[in-house]
Amino acid sequence: MLTLDDILHPITPAQFLAEYDDRKPLYIPATDDARKREVLTWSAWNGLLNQTANWSAASLRLMRNHQAVPAEQYCQPVQTPDGMVMRPFPAKVEVFMSAGASVVANEVTHLHPPVTAVAAALGSAYGAQIGANVYCSFEGVRAFGSHYDNHHVFVVQTEGEKVWNLYQNRAENPTENPADTPETRLFFEQSRGPILQEVTMRPGDVLYLPRGWYHDALAKDGPSLHITFSVAPLYGRILFQLLDHAAMQNPGFRAYLPPAHRDSGVALRRQVAEMSDYLSRLMASPAFLDEVIAAQERLVIRPPAYTLPVRKPVTLYQTTGRAFPPSSSIIRGVYEWMIGQRRFAIEDLIAEIDYTSETNVRTAVEAAVTAGALVREQAR
């Protein structure tokens, strides 16, 4: 499976972080390592498409002349246990592709193990949410006009060729994608600036685009297949969400605010100042930083790893009532889960805790056993 080092090779991760990450685009031509172009072959892609029950009008879209093809033109209504679903009809999809449409498959992150592995490597490196979309088109087809994305982009070309135009300008830290309207498309064309670089992507090539970088792409000769990995780390807005939860544990934030007209607003100013001071101390605390770290960890993909028919062990522990050892707020959350369960399997604990690594969980269990807060049950 590919690691971040493999994805960036021959650029090192250290060089990438120092010179390119969130700074400027990076084009990495293919090397002798075939694994990048084998992330999604034509055979594997056809196999995914043939699993028709996985697809809907939302997850498999057709784009033609920068416009989405209406679902009713390439989908059929199918009755499922969850209700009626508009499901792409393979023969119609192929007809539209022959007529110049591109296929855009959304959220294939967990549908194909090599794609999942790349997504997991990027998620771990960035502490970020990762999405993976597949783009498939024939020569001379441009699915989208010039635009920018509100996340970093890693493109892996796996089949055929595609020409990418990278423009000079960049939107500054966008958080939302504007609605796709004629006015928006005109704005993008006027804002993108001149072409900075033209890149012809071939099988095994990788292209990195920082968030907000204007670009467009066109299939060159023959069919083209590539995967776009979106990398969306947390940004400042998450602090408001975490502060809201943490601050409401303080009774002062649940107290009513006095009216501004009473005593010339003295009481209101005092109460607001007290809350502001509390928020400042809260944000500066190690515990709050741990909450931010935990929020990042929750975004990281953990690829499934079924090992059937192997029967995994169930290792049971019990709490003793003794004090758990001192720990970070993240590990305190692990200990609180143990206390609530009283008797648990460490395998269940590892599955439950999604905000720190398995290694950290096992280390926390060992520390609790050493402190006498846990005892391991003897296998029967």
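The values are calculated or read from the model by the stated rules, or taken from the named source; none is laboratory data. The shown structure was predicted, so the numbers you read here are calculated from the model rather than taken from an experiment. All Cβ positions, even for glycine, are placed from backbone atoms using ideal geometry, and neighbour counts span all protein chains on display.
Return the residue satisfying two criteria in turn: it lies in region 338-359 and is surrounded by 14 or more Cβ atoms within 10 Å (Cβ to Cβ) and either hydrophobic (A, V, I, L, M, F, W, C) or touching a Lys or Arg at 6+ places or on another chain (Cβ under 6 Å) (or both), and of such residues it is modelled with the lowest pLDDT. Result: Tyr355. Take the conditions (1) outside any strand (DSSP E or B); (2) surrounded by fewer than 17 Cβ atoms within 10 Å (Cβ to Cβ); Pro203 misses just one of them, which is (2). Looking at region 103-148 only, could you name the residues that are charged (D, E, K, R) and under 23 Å from Pro90 (Cβ atoms)? Those that are charged (D, E, K, R) and under 23 Å from Pro90 (Cβ atoms): Glu107, Glu139. For Arg262, the conditions (1) among the charged types (D, E, K, R); (2) surrounded by 15 or more Cβ atoms within 10 Å (Cβ to Cβ); (3) outside the structural domain of Leu207 (by TED's automatic domain parsing) all hold with the exception of (2). Scanning region 86-141 for residues that are among the hydroxyl-bearing types (Ser, Thr, Tyr), under 25 Å from the mean Cα position of the chain (by Cα) and not in a strand (DSSP E or B) yields Thr109, Thr116, Ser124, Tyr126. Checked against the criteria, Gln168 counts as part of a strand (DSSP E or B) and under 27 Å from Asp221 (Cα atoms). For region 212-235, give me each residue that is at pLDDT below 95 and loosely packed, with under 14 Cβ neighbours inside 10 Å. Asp221, Gly222, listed by residue number.
Scanning region 103-121 for residues that are polar (S, T, N, Q) and surrounded by fewer than 20 Cβ atoms within 10 Å (Cβ to Cβ) turns up just one, Asn106. Can you find a residue in region 104-125 that is of a type in the set (A, V, I, L, M), touching a Cys at 6+ places or on another chain (Cβ under 6 Å), touching a residue at least 40 places away in the same chain (Cβ under 8 Å) and within 27 Å of Asp180 (Cα to Cα)? No - not one qualifying residue is present in region 104-125.
Report yes if Thr175 is in the same structural domain as Leu48 (by TED's automatic domain parsing) and modelled with pLDDT under 95, otherwise no. So Thr175 fits the description; yes.
Restricting Ala368, Ala373, Ala295 to those that are surrounded by 15 or more Cβ atoms within 10 Å (Cβ to Cβ), more than 29 Å from Leu242 (Cα to Cα) and among the small types (Gly, Ala, Ser) reduces the list to Ala373.
Against the test of being touching a residue at least 40 places away in the same chain (Cβ under 8 Å), surrounded by 13 or more Cβ atoms within 10 Å (Cβ to Cβ) and either touching a Cys at 6+ places or on another chain (Cβ under 9 Å) or hydrophobic (A, V, I, L, M, F, W, C) (or both), the options Ala246, Ala287 yield a single qualifying residue, Ala246.
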